[in-house]
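K.L.:
Once you've had a glance at the structure underneath, I'll fire off some questions.
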Amino acid sequence: MAEGAVTSTYGLDVRKVIAVLNDVVATEVVCWLRYTRHAISAAGIDRAQVAAEFTEHAAEEMQHCLRAAERIAQLGGEPDFDPATLAQRAHTDYTTPDEKDLKAMLEHNLLAERIVISTYQEIARWLGEHDPTTRRLIESILEEEEEHADDLADLLAA
């Protein structure tokens, strides 16, 4: 009873799942930081539209982080928000292009989204049927990350 949501039929090493989810937490925090920084520092003629998109994406990245952290707690783990290790555990980088280079900001964020999409697809496949709850969580986050990539590609094409 003390193991909460983890039953005897759980098909994976719960410590490994928690470690993978903590990497997701780190990735989402770094994405939130990057989008927030870009939204605040963006300058130029298209600033309002691009900054609004970055602000929206930042809010969604933070929600992804919190959802992954909640799942870690459900699995009996501790979410790792340690600022000293976030950058090392994240799948993406924190970048700060020149404030007037909106195209570079869009490209950096699109590249990060593409990395996250690829990584989360791999995580979903690894989870498979062994942990359908965590897999559904990753898939729902993945769906929003794909929407972010589409949004950024549209802005780059405009």
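The values are calculated or read from the model by the stated rules, or taken from the named source; none is laboratory data. These figures come from a predicted structure and were not determined experimentally. Ideal geometry is used to build each Cβ from the backbone, glycine not excepted, and the neighbour counts take in all protein chains shown. In case anyone asks, the SASA skips ligands and DNA or RNA and just uses the protein heavy atoms, side chains included. Shrake-Rupley method; radii C 1.70, N 1.55, O 1.52, S 1.80 Å.
K.L.:
Round to the nearest 0.05 the FRET efficiency obtained for residue 93 and residue 136 when R0 = 30 Å and r is the Cβ-Cβ distance. Let's see the in-between values first.
P.N.:
Numbers: r = 28 Å, r/R0 = 0.93.
Working from the Cβ atoms, E equals 0.60.
K.L.:
With +1 assigned to the C-beta of every Lys and Arg and -1 to the C-beta of every Asp and Glu, and no other charges, what is the dipole magnitude of the chain about the Cα centre in debye, to the nearest 20?
P.N.:
Working: 14 positive and 31 negative charges, 81 e Å.
Charge dipole of the chain: 380 debye, to the nearest 20.
K.L.:
May I ask you to give the solvent-accessible area per residue for the range 15-95, in square angstrom, as obtained with a 1.4 angstrom probe?
P.N.:
47
K.L.:
Over all directions, the average projected area of the alpha-carbon convex hull for the chain comes to how many nm²?
P.N.:
9.0
K.L.:
In addition: To the nearest 0.05, what FRET efficiency results for residue 66 and residue 150 with a Förster distance of 30 Å applied to their C-beta separation?
P.N.:
0.80
K.L.:
Ok, one more. If I compute solvent accessible area with a 1.4 Å probe over the protein chains, what percent of it on the range 110-158 is carbon and sulfur?
P.N.:
Of all accessible area on the range 110-158, carbon and sulfur atoms account for 48 percent.
K.L.:
Please arrange 8, 140, 118 by accessible surface area, largest first, computed with a 1.4 Å probe and ligands excluded.
P.N.:
Largest accessible area first, the list is 8, 118, 140.
K.L.:
What order, most packed first, do the peptides 50-59, 98-107 have when packing is the mean number of other Cβ atoms within 10 Å of each residue?
P.N.:
Per-residue mean Cβ counts within 10 Å order the peptides as 50-59, 98-107.
K.L.:
Separate question: Separation between the residue 12 and residue 56 pseudo-spin-labels, each 7 Å from Cα along Cα→Cβ, expressed in nm?
P.N.:
Taking the simple label geometry, residue 12 and residue 56 are separated by 3.1 nm.
K.L.:
Which of 117, 18, 45 moves most in a GNM of the chain, Cα contacts under 10 Å?
P.N.:
Highest fluctuation among the options: 45.
K.L.:
Moving to a separate point now. Show me, for the range 52-61, the HN-Hα J-couplings you get by feeding each phi into the Karplus relation (A = 6.51, B = -1.76, C = 1.60, θ = phi - 60°), rounded to Hz, glycine and proline as x.
P.N.:
These are the phi-based 3J(HN,Hα) values: 5, 5, 4, 5, 4, 5, 4, 4, 5, 5 Hz.
K.L.:
For the range 38-99, which whole percent of the accessible surface, found with a 1.4 angstrom probe, sits on carbon and sulfur atoms?
P.N.:
Carbon and sulfur together cover 53 percent of it.
K.L.:
Pop the C-beta distance of residue 117 and residue 46 into the FRET formula with R0 = 35 Å and round what comes out to the nearest 0.05.
P.N.:
According to the calculation, E is roughly 0.90.
K.L.:
Give me a comma-separated list of calculated 3J(HN,Hα) values for the range 13-18, in order, Karplus coefficients 6.51, -1.76, 1.60 applied at θ = phi - 60°, integers in Hz, x for any Gly or Pro.
P.N.:
After applying 6.51 cos²θ - 1.76 cosθ + 1.60, I find 6, 4, 5, 5, 4, 4 Hz.
K.L.:
Right, something else. Taking H as built 1.01 Å from N, whose amide H comes closer than 5 Å to the amide H of residue 91, not counting residues under 5 places away?
P.N.:
HN-HN under 5 Å from residue 91: 27.
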